[in-house]
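Trainee: Before I ask anything, here is the structure I am working with.
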Amino acid sequence: QVQLVESGGGLVQPGRSLKLSCVASGFNVGAYDMSWYRQAPGQARALVADIGSSGFKRKTVARGRFTISRDDDENTVYLEIYKVKPEDTGVYFCHVPSFATWGQGTQVTVSS
């Protein structure tokens, strides 16, 4: 059974960094494209970053203040957010398009 479980969210002060985790089961994250989405209050879910499959066990892709990375040994995808801003607030979801599967999401609230 394909499953994604996110963690690492919470209340964080502006300017800090935050690292979210998405542990996968039922498939190997290294073999599939993976992505992180954010759903801000009252808005639709929007793509934050994605990472393709590759022959490397670990891969990192930077997208501005966001860095998505993958560790095949841990079967986990990470999203690191640098210098968080209030507009980063929302529920962050992990997604594997090939299986049309989403995690339950993890709430990130940026506030002083």
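Trainee: When the chain is modelled as a GNM with alpha-carbon springs shorter than 10 Å, which of P14, P41, P86 fluctuates the most?
Mentor: Maximum fluctuation in the GNM of the chain, among the listed residues, is at P41.
Trainee: How many percent of the alpha carbon pairs in the chain exceed a separation of 16 Å?
Mentor: Counting every Cα pair in the chain, those more than 16 Å apart make up 54 percent.
Trainee: Not counting ligands, DNA or RNA, and with a 1.4 Å probe, what is E6's accessible surface area in Å² rounded to the nearest 10?
Mentor: E6 exposes around 10 Å² with every protein chain in place.
Trainee: Hey, another quick one. With the dipole of the chain worked out from charges on the C-beta (+1 for Lys and Arg, -1 for Asp and Glu) around the Cα centre, which of W36, S7, T67 lies farthest toward the positive end?
Mentor: So the residue furthest toward the plus end is T67.
Trainee: Now, a different point. Got a sec to turn the phi values of the stretch 89-95 into Karplus ³J(HN,Hα) couplings, 6.51 cos²θ - 1.76 cosθ + 1.60 with θ = phi - 60°, whole Hz, x for Gly and Pro?
Mentor: 4, x, 9, 9, 10, 9, 9
Trainee: If you don't mind, there's one more thing I want to ask. Taking all pairs of different Cα atoms in the stretch 55-112, averaging 1/r and flipping that mean, what Kirkwood radius in angstroms comes out?
Mentor: When all Cα pairs of the stretch 55-112 are included, the Kirkwood radius is 13.0 Å.
Trainee: Now, a different point. Whole-Hz ³J(HN,Hα) for each residue in the stretch 101-112, computed from phi via Karplus 6.51 cos²θ - 1.76 cosθ + 1.60 with θ = phi - 60°, x for glycine and proline: what do you get?
Mentor: With coefficients 6.51, -1.76 and 1.60, one gets 10, 10, x, 7, x, 9, 7, 10, 10, 9, 7, 8 Hz.
Trainee: Enumerate lysine pairs in the chain that are 8 or more residues apart or on different chains, then count those whose Cα atoms are under 21 Å apart.
Mentor: Lysine pairs, 8 or more places apart or on different chains, close enough: 4.
Trainee: Which residue fluctuates most in the GNM of the chain (Cα springs below 10 Å): S17, S69, S35?
Mentor: The residue with the greatest mean-square fluctuation here is S17.
The values are calculated or read from the model by the stated rules, or taken from the named source; none is laboratory data. Fair warning: this is a prediction, and the values are worked out from it, not measured in the lab. Every residue, glycine among them, receives a Cβ derived from its backbone with ideal geometry; neighbour counts consider all protein chains shown. Surface accessibility is based on the protein's heavy atoms, side chains included, excluding ligands, DNA and RNA. Shrake-Rupley method; radii C 1.70, N 1.55, O 1.52, S 1.80 Å.
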